[in-house]
Every structure is written in C-alpha cells, then in structure tokens.
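Below you'll find the structure, written out as structure tokens, and then a few comments.
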Amino acid sequence: MIQVPVVLGERTYQVLVGSGTRHSLSALLPVGARRAAVVTQEAVGVEVDPGIENRRFVIGPGEAAKTLSTVEDLCRGFAQWGLTRADVVVSVGGGVVTDVAGFAAASYHRGLSVVHVATTLLAQVDAAIGGKTGVNLPEGKNLVGAFWQPAAVICDTEVLASLPAREWASGLGEMAKYSFLGEPGLEELALDERIARCVALKAEVVAADEREDGRRALLNYGHTLAHALEAVGLRPDRAWDLRHGEAVATGLAFAALLAERLGRIGADRVGDHLRVLGAYGLAAELPAGARVGDLVEVMARDKKATAGLTFVLDGRAGLEVVAGVPTAQVEQILVAMGAEP
C-alpha cells in the first residue's frame, strides 16, 4: 500500500493506492459517522463494506448521469433516509460517480463528509483527487459544481483487472497528461507506482492552489477541446461514443499543434506528445462529423475563457494558461485534424 497525503491544513487527507485497499474503507470513515450513503452505478460491480449501517444509491449509467436532476434525486433520497451532517457519503465508481456524489455531498445540508472509492484508472489518477465536483449542462461540461475535499480516497488497483479495454484507455489518456506536468517516463513504471506518482503530482498542485486561481488550471491540459468534444457529443444529432480520456488524448495533440502554430514550441516537442500518446496506444483523432463551429462555440464557454479563447499550452517555460488565442488559428488546427469547416 502506498499512502499519498493531500496537504490542506486541517482538511489534509490520505490517498491509498494498492491492491485490496478498498477493504480499508471502514478505518477511513470520519469519526462518529453512523450511516453511509453508498453512491454507485450498476455497471461498477464493486462491493464495499463501510462497517456501519449503509444504504446503496444507484445513479444512471454513463456521462448522461452528470446532471442537476441526478443530484436532486440523490439529495432527496438522503433526506428520505434521514441522513444527517454527522453521516458520510461513499462514492464507488469512476469519475462520473465521484463528481456527482461529491457534489451531492457538498450540497446536502450544506456539506457532509465524502470518501471516494475510485474504481477506474481515470478516477484513480485524476477525477477522485482534489475536491472538484460537478455536473454538466447542455451548454457545457462541469459548469455547475463545487470544491469539496473528500475525507479520504481509495485507489484499489485490484479492481482495475476487470476494467473494460476502452475504460482502461480512457485512464491512460488522463495519465498521459502528467508526462507534460513534470512526470516524464511514467509509462516505464509499475502500475501502482504510476498511479501514486500521478496522485502525488496532483496533490502537490492542489495543495498550492486548491481553488484553481493559478497553477491548478494547468491540470486542464488537453481538456478544453476534450470537454467541447464531450459536450457536443451529448447532443442528439451527434451521440459520439467517446470516453473522457480518449477526448483528452485528442485534446493533448490539438494543444501541441496549436502551441506549434503560435510559435511556442517546435516540431520536436509536438513529436514528444505523439510519442507519449503512441506509447499508451492512444489515437489523437476527432470523431467523424465534428464541426469547427460547434467545437469553438463550446470552447468559448470554458471556465478559463474570461478573455477570449483560452487554453493551457506548452512553451519554452513549460505549461501555462494562454488567453486571447485567435479564433482563426484554432479553426485551422481543427480543420487540419479533420473537423468539418
């Protein structure tokens, strides 16, 4: 077992990484908690024992469950069961579950404790760590949410053995991002150490910038286009079958090409991005039918976009947030990657 602290003063918590760590859940619950609301999805199929009275709350499948109505249903269920601020929410699942359950916990009674049991690679290296919770609107990804730090996070690598291939690839897409945030050569490490290194890097960033006022925005590398692809893909006339990490992989390639177009990096650095993606077996392709106008419209509503189109981009000094990127440059890169004008 590897323990990684997320240092936030009185709210410091531990992330446990290793095979079988989910069996430590009862020891990680807040002192005095009498009941645990276990939030999960049917497809997750991972059982946990909180060691106290508990009730299972099942949300809908996939990204479509990340809505305000899901949060309302959960909070009403909590109220009908009589959950109090002295109790705890336990999320068991991937990023959708940790985002939704975390937001419900942050909202119900104005906040009660939450412990995340992350069951996907993506959730273990990113989504469950750092306290960002939220749901989607038709207008974009994660536009409604809250910062709400968990009491603990469990990354049980044993449950990853049954992860479907595309969910595994989705996690690798998020993991690839860390290669450009100060962890080169991740692909050469054993799985537990790879996950722990990603967690440690994110923990360091979160400890320095909990509410994304500065450096934490760099964790969104590749995500501006990724979130646009996901948001557009939820529209009835699109319905792309696209996992988050797959979208991030495309977003990383896009960000590298855009940075090259803006003169921030050279072709060799673009090659580094493509090499890392290739090492993880990740494609950097836009889905068929992607249209430039749709994607630019959603990217303009990104949370970082306070001064025109805004991206996290690589450069000679490393990653940084770049505002006011010319729309024409963005459109040209999208067309070069196969988007319809």
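The values are calculated or read from the model by the stated rules, or taken from the named source; none is laboratory data. Please read these numbers as outputs of a predicted model, since none were measured by experiment. Because the Cβ atoms are built from the backbone with ideal geometry, glycine has one as well, and the counts that use them run over all protein chains shown.
A few comments on the model shown:
- Pairs, first on the phi > 0 side of the Ramachandran plot in region 177-189, second outside any helix (DSSP H, G or I), C-beta under 9 Å, six or more apart: GLY182/GLY318; GLY185/SER179
- Close pairs (7 angstrom Cβ cut-off, 6 or more residues apart or separate chains): farther than 13 Å from ARG35 by Cβ in region 69-85, of a type in the set (Phe, Trp, Tyr) anywhere: VAL71/PHE103; LEU74/PHE57; CYS75/TYR108
- Tally of residues being over 19 Å from GLY173 (Cα atoms) and either acidic (Asp, Glu) or assigned to a helix (DSSP H, G or I) (or both) across region 260-270: 4
- In region 173-201, residue surrounded by the fewest Cβ atoms within 10 Å (Cβ to Cβ) [restricted to those that are farther than 18 Å from GLY271 by Cα and aliphatic (A, V, I, L, M)]: ALA190
- Every listed requirement among (1) part of a helix (DSSP H, G or I); (2) buried (at least 20 other Cβ atoms within 10 Å of the Cβ); (3) in contact (Cβ under 8 Å) with a residue 60 or more places away in the chain is met by GLN332 save one, (2).
- Selection of strands (runs of 3 or more DSSP E) fully inside region 129-203 by the criterion of at least 1 residues being within 20 Å of ARG22 (Cβ to Cβ) returns 152-156.
- Qualifying position, being among the hydroxyl-bearing types (Ser, Thr, Tyr) and buried (at least 21 other Cβ atoms within 10 Å of the Cβ), among THR250, THR306, THR327: THR250
- Sole exception among (1) surrounded by 15 or more Cβ atoms within 10 Å (Cβ to Cβ); (2) of a type outside the set (A, V, I, L, M, F, W, C); (3) on the phi < 0 side of the Ramachandran plot; (4) not in a helix (DSSP H, G or I) for HIS273, by number: (4)
- Screening ARG211, ARG235, ARG243 for residues that are under 16 Å from LEU282 (Cα atoms) and either surrounded by fewer than 24 Cβ atoms within 10 Å (Cβ to Cβ) or not assigned by TED's automatic domain parsing to the domain that holds GLU187 (or both) leaves exactly one candidate, ARG243.
- Condition check for SER19: touching an Asp or Glu at 6+ places or on another chain (Cβ under 9 Å) and among the hydroxyl-bearing types (Ser, Thr, Tyr): yes
Yes or no, residue by residue, for (1) basic (Lys, Arg); (2) out of contact with any Cys (no Cβ under 8 Å at 6 or more places or on another chain); (3) part of a helix (DSSP H, G or I):
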{"site": "GLU212", "(1), (2), (3)": "no, yes, no"}
{"site": "HIS227", "(1), (2), (3)": "no, yes, yes"}
{"site": "ARG235", "(1), (2), (3)": "yes, yes, no"}
{"site": "ASP241", "(1), (2), (3)": "no, yes, no"}
{"site": "PHE254", "(1), (2), (3)": "no, yes, yes"}
{"site": "LEU257", "(1), (2), (3)": "no, yes, yes"}
